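Take a look at the structure set out below.
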Amino acid sequence: MQFVILLSMNIIVREARIQDAEGIINILNPIIETKKYSVMVQTFTLAEEINFINTFPERGIFHVAANEDKVVGFQVVEPFSTLTAAFEHVGIIGTFVNLTLRGQGISKKLFEATFKVAKNKGFEKLTAYVRADNPVALKTYQANGFDIIGISKHQAKIDGKYIDEIFIEKFL
């Protein structure tokens, strides 16, 4: 893998648009293909990502981090559950950064923007599951105020191998 270092990136965080779909899958699919950082196992087509953006929940948050209109990361918050109003204050968050641009503050900018919008949309708590074998992601979430709640043993099974996930939360 070739690493690209852009130390002077001018990152803006904004809402995702249909035009971002290709940039999003260009980040997400390589992450999925590694089978190291996510429990997702199937890559996404451009049409699937466009549909995801078009049907994203109104109350959700879908941010992209862009450097001169090139998507370098993205973050989504979706309602934890729509089955009962008892969970309206809880969202589930996912964060994805281009594999070659990690460690440059992109996720920090995403978290800052997302936390502000989440509060305005009535979210009081964000949760996530992080693969137990992905300490960099866990450290990133903890650096942004998330606490470990527990471990879900054998939460995922990929290629016949069980993967534990760490359940985390942050109160806004």
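The values are calculated or read from the model by the stated rules, or taken from the named source; none is laboratory data. Quick caveat: nothing in here was measured; it's all calculated off a predicted structure. Cβ placement follows ideal geometry from the backbone for every residue including glycine, while neighbour counts extend to all protein chains displayed. All accessible areas refer to the heavy atoms of the entire protein, side chains included, with ligands and DNA or RNA removed. Shrake-Rupley method; radii C 1.70, N 1.55, O 1.52, S 1.80 Å.
Details
- The conditions of being open to solvent by less than 30 Å² (accessible area, probe 1.4 Å), aliphatic (A, V, I, L, M), closer than 18 Å to Gly23 by Cβ and under 12 Å from the mean Cα position of the chain (by Cα) are met by Leu110.
- Answer residue from segment 42-82, given it is of a type in the set (D, E, K, R) and out of contact with any Lys or Arg (no Cβ under 9 Å at 6 or more places or on another chain) and is farthest from Phe115 (Cα to Cα) among those: Glu48
- Unmet criterion (only one of (1) under 17 Å from Asn29 (Cβ atoms); (2) of a type in the set (Gly, Ala, Ser); (3) within 16 Å of the chain's Cα centre (by Cα)) for Ala47: (3)
- Consider segment 154-172 and keep the residues that are in contact with an Asp or Glu (Cβ under 9 Å, 6 or more places away or on another chain) and loosely packed, with under 14 Cβ neighbours inside 10 Å. The one that is farthest from Tyr141 (Cα to Cα) is His154.
- Among (1) open to solvent by less than 20 Å² (accessible area, probe 1.4 Å); (2) modelled with pLDDT under 95 - the single one Leu7 does not satisfy: (1)
- Counted residues, segment 58-67 - those being open to solvent by 10 Å² or more (accessible area, probe 1.4 Å), part of a strand (DSSP E or B) and closer than 21 Å to Tyr129 by Cα: 2
- Enumeration of residues in segment 22-42 that are more than 15 Å from the chain's Cα centre (by Cα) and open to solvent by less than 80 Å² (accessible area, probe 1.4 Å): Thr34
- Selected residue (criterion: farthest from the chain's Cα centre (by Cα)) from residues of segment 68-97 that are open to solvent by 30 Å² or more (accessible area, probe 1.4 Å) and among the polar types (S, T, N, Q): Thr84
This table checks each residue for (1) touching a helix residue (DSSP H, G or I) at 6+ places or on another chain (Cβ under 8 Å); (2) farther than 14 Å from Val13 by Cβ; (3) modelled with pLDDT of 95 or more.
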| site | (1), (2), (3) |
| --- | --- |
| Ser107 | yes, no, yes |
| Thr114 | no, no, yes |
| Val130 | yes, yes, yes |
| Asn144 | yes, no, yes |
| Ser152 | no, yes, yes |
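- Complete set of residues in segment 116-153 that are within 16 Å of Thr95 (Cα to Cα), in contact (Cβ under 8 Å) with a residue 40 or more places away in the chain and open to solvent by less than 30 Å² (accessible area, probe 1.4 Å): Ala118, Leu126, Thr127, Ala128, Arg131, Asn134, Ala137, Tyr141
- Screening segment 43-53 for residues that are over 19 Å from Gly91 (Cα atoms) and assigned to a helix (DSSP H, G or I) and picking the one that is least open to solvent (accessible area, probe 1.4 Å) gives Glu49.
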